[in-house]
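Here's the structure, in C-alpha coordinates; my notes come after.
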Amino acid sequence: MDIVERHFAAENAHDVAATLDTHSDDVIWDDVASPACPVHGKAATAAMYAGILAAFPDLHFESVVRFGDAKHVVDEAVVTGHARGSFLGVDGGGASVKFRMLHVFDLRGGLIAREQAWFDTADVLRQIEAHGGAAVS
(Lines give C-alpha, C1' and ligand atoms only; values in the text may rest on other atoms or scores of the structure.)
Protein backbone atom coordinates (compact mmCIF):
# COMPACT_ATOMS: atom_id res chain seq x y z
CA MET A 1 0.00 0.00 0.00
CA ASP A 2 3.08 2.20 0.09
CA ILE A 3 2.63 3.07 -3.59
CA VAL A 4 -0.87 4.42 -2.88
CA GLU A 5 0.52 6.61 -0.09
CA ARG A 6 3.14 7.95 -2.54
CA HIS A 7 0.41 8.44 -5.14
CA PHE A 8 -1.75 10.62 -2.90
CA ALA A 9 1.27 12.57 -1.61
CA ALA A 10 2.14 13.42 -5.22
CA GLU A 11 -1.47 14.34 -6.03
CA ASN A 12 -1.67 16.58 -2.95
CA ALA A 13 1.57 18.26 -4.06
CA HIS A 14 -0.05 18.77 -7.50
CA ASP A 15 2.99 17.07 -9.02
CA VAL A 16 1.68 15.32 -12.13
CA ALA A 17 5.08 13.80 -13.02
CA ALA A 18 5.47 12.27 -9.55
CA THR A 19 1.88 11.05 -9.67
CA LEU A 20 2.53 9.37 -13.03
CA ASP A 21 5.63 7.71 -11.55
CA THR A 22 3.26 5.68 -9.34
CA HIS A 23 1.53 4.19 -12.43
CA SER A 24 2.60 1.43 -14.77
CA ASP A 25 3.29 2.48 -18.36
CA ASP A 26 0.11 0.73 -19.51
CA VAL A 27 -2.09 2.12 -16.73
CA ILE A 28 -5.85 2.15 -17.15
CA TRP A 29 -7.16 5.33 -15.50
CA ASP A 30 -10.89 5.61 -15.00
CA ASP A 31 -12.97 8.41 -13.53
CA VAL A 32 -16.16 6.41 -13.83
CA ALA A 33 -18.31 9.57 -14.11
CA SER A 34 -16.35 10.93 -17.06
CA PRO A 35 -17.51 10.07 -20.58
CA ALA A 36 -13.86 10.39 -21.68
CA CYS A 37 -12.87 7.41 -19.53
CA PRO A 38 -11.35 4.98 -19.22
CA VAL A 39 -8.07 6.19 -20.70
CA HIS A 40 -4.99 4.07 -21.33
CA GLY A 41 -1.33 4.90 -20.76
CA LYS A 42 0.57 7.63 -18.99
CA ALA A 43 0.12 10.33 -21.67
CA ALA A 44 -3.67 10.07 -21.57
CA THR A 45 -3.60 9.91 -17.77
CA ALA A 46 -1.43 13.05 -17.65
CA ALA A 47 -4.01 14.87 -19.76
CA MET A 48 -6.76 13.86 -17.32
CA TYR A 49 -4.72 15.14 -14.36
CA ALA A 50 -4.06 18.41 -16.19
CA GLY A 51 -7.80 18.89 -16.66
CA ILE A 52 -8.54 18.12 -13.02
CA LEU A 53 -5.93 20.58 -11.80
CA ALA A 54 -7.19 23.24 -14.20
CA ALA A 55 -10.63 22.90 -12.63
CA PHE A 56 -9.46 22.42 -9.02
CA PRO A 57 -5.90 23.76 -8.66
CA ASP A 58 -5.80 23.28 -4.88
CA LEU A 59 -7.41 19.83 -4.72
CA HIS A 60 -6.54 17.91 -1.55
CA PHE A 61 -7.21 14.29 -0.59
CA GLU A 62 -7.51 13.20 3.04
CA SER A 63 -7.79 9.46 3.43
CA VAL A 64 -10.51 8.29 5.81
CA VAL A 65 -9.98 4.55 5.45
CA ARG A 66 -7.68 2.44 3.32
CA PHE A 67 -7.40 -1.31 3.04
CA GLY A 68 -6.02 -3.86 0.67
CA ASP A 69 -3.16 -6.15 -0.14
CA ALA A 70 -0.33 -6.47 -2.67
CA LYS A 71 -2.80 -6.64 -5.59
CA HIS A 72 -5.73 -4.34 -4.71
CA VAL A 73 -6.21 -1.25 -2.55
CA VAL A 74 -9.42 0.62 -1.77
CA ASP A 75 -9.21 4.16 -0.40
CA GLU A 76 -12.05 6.38 0.80
CA ALA A 77 -11.09 10.04 1.04
CA VAL A 78 -12.59 13.42 1.72
CA VAL A 79 -11.63 15.75 -1.11
CA THR A 80 -11.53 19.52 -0.70
CA GLY A 81 -10.61 22.40 -2.94
CA HIS A 82 -11.88 25.35 -4.92
CA ALA A 83 -13.46 25.08 -8.37
CA ARG A 84 -11.55 27.77 -10.24
CA GLY A 85 -12.04 26.31 -13.72
CA SER A 86 -14.85 24.55 -15.52
CA PHE A 87 -16.29 21.31 -14.12
CA LEU A 88 -18.68 19.37 -16.38
CA GLY A 89 -19.43 22.53 -18.36
CA VAL A 90 -20.08 24.71 -15.30
CA ASP A 91 -17.76 27.61 -14.41
CA GLY A 92 -16.53 26.93 -10.89
CA GLY A 93 -16.27 30.61 -9.95
CA GLY A 94 -13.96 29.76 -7.06
CA ALA A 95 -16.59 27.69 -5.22
CA SER A 96 -15.34 25.76 -2.22
CA VAL A 97 -16.09 22.06 -2.61
CA LYS A 98 -15.93 19.11 -0.24
CA PHE A 99 -16.93 15.60 -1.27
CA ARG A 100 -16.22 11.94 -0.67
CA MET A 101 -14.30 9.88 -3.20
CA LEU A 102 -13.64 6.18 -3.44
CA HIS A 103 -10.57 4.92 -5.28
CA VAL A 104 -10.02 1.32 -6.32
CA PHE A 105 -6.44 0.51 -7.31
CA ASP A 106 -5.14 -2.63 -9.01
CA LEU A 107 -1.43 -3.06 -8.38
CA ARG A 108 1.16 -4.88 -10.46
CA GLY A 109 4.92 -4.94 -10.00
CA GLY A 110 4.73 -2.40 -7.20
CA LEU A 111 2.92 0.17 -9.36
CA ILE A 112 -0.68 1.17 -10.01
CA ALA A 113 -1.89 -0.70 -13.10
CA ARG A 114 -5.51 0.48 -12.88
CA GLU A 115 -7.05 3.37 -10.97
CA GLN A 116 -10.79 3.89 -10.70
CA ALA A 117 -12.29 6.95 -8.97
CA TRP A 118 -15.91 7.07 -7.84
CA PHE A 119 -17.63 10.23 -6.57
CA ASP A 120 -20.98 12.00 -6.73
CA THR A 121 -20.58 14.55 -9.53
CA ALA A 122 -24.10 15.91 -8.86
CA ASP A 123 -23.03 16.80 -5.32
CA VAL A 124 -19.99 18.70 -6.64
CA LEU A 125 -22.17 20.54 -9.18
CA ARG A 126 -24.68 21.48 -6.45
CA GLN A 127 -21.86 23.03 -4.40
CA ILE A 128 -20.60 24.99 -7.41
CA GLU A 129 -24.06 26.16 -8.42
CA ALA A 130 -24.85 27.20 -4.81
CA HIS A 131 -21.82 29.48 -5.08
CA GLY A 132 -23.22 31.01 -8.26
CA GLY A 133 -21.48 28.88 -10.87
CA ALA A 134 -23.11 28.95 -14.27
CA ALA A 135 -22.94 26.91 -17.43
CA VAL A 136 -20.03 27.78 -19.69
CA SER A 137 -21.23 28.94 -23.10
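For this structure, a couple of remarks:
- The chain, relative contact order in percent, only Cα pairs under 8 angstrom and at least six apart counted: 23 percent
- Helices meeting the span-like rule in the chain (full DSSP H runs, Cα extent of at least 18 Å along the helix axis, mean Kyte-Doolittle score of 0.5 or higher): 42-55.
- Note: the range 27-67, Cα convex hull, 98 Å³ per residue.
- Distances between placed amide hydrogens fall under 5 Å for residue 27 paired with 41, 42, all partners being 5 or more residues away or on another chain.
- Surface/4 of the Cα convex hull for the range 1-52, nm²: 3.5 nm²
- Neighbourhood charge, 10 Å Cβ-Cβ cut-off, centred on residue 114 and excluding it, Lys, Arg +1 and Asp, Glu -1: -3
- Residue-wise HN-Hα couplings along the range 65-74, as the Karplus relation 6.51 cos²θ - 1.76 cosθ + 1.60 with θ = phi - 60° gives them from phi, are 8, 9, 8, x, 9, 6, 10, 9, 9, 10 Hz; Gly and Pro carry x.
- Two-decimal Rg/Rh across the chain, once Rg and the Kirkwood Rh are taken from alpha-carbon atoms: 0.97
- Taken per residue, the accessible surface of the range 1-54 reaches 47 Å², heavy atoms only and a 1.4 Å probe.
- Span from the the range 1-75 Cα centroid across to the the range 78-129 one, whole angstrom: 11 Å
- Around residue 129: net Lys/Arg minus Asp/Glu count, Cβ-Cβ under 12 Å: -1
- The range 55-105: translational diffusion in µm²/s, Stokes-Einstein, Kirkwood Rh over Cα pairs, 25 °C, 0.890 mPa s: 204 µm²/s
- Sum of side-chain charges, residue 51 neighbourhood, beta-carbon under 13 Å (Lys, Arg +1; Asp, Glu -1): 0
The values are calculated or read from the model by the stated rules, or taken from the named source; none is laboratory data. Just so it is clear, the model here is predicted, and its values are computed rather than measured. No Cβ is skipped: glycine too gets one built from the backbone with ideal geometry, and neighbour counts run over all protein chains shown. For the accessible areas, the whole protein counts, side chains as well, though only heavy atoms, and no ligand, DNA or RNA atoms are used. Shrake-Rupley method; radii C 1.70, N 1.55, O 1.52, S 1.80 Å.
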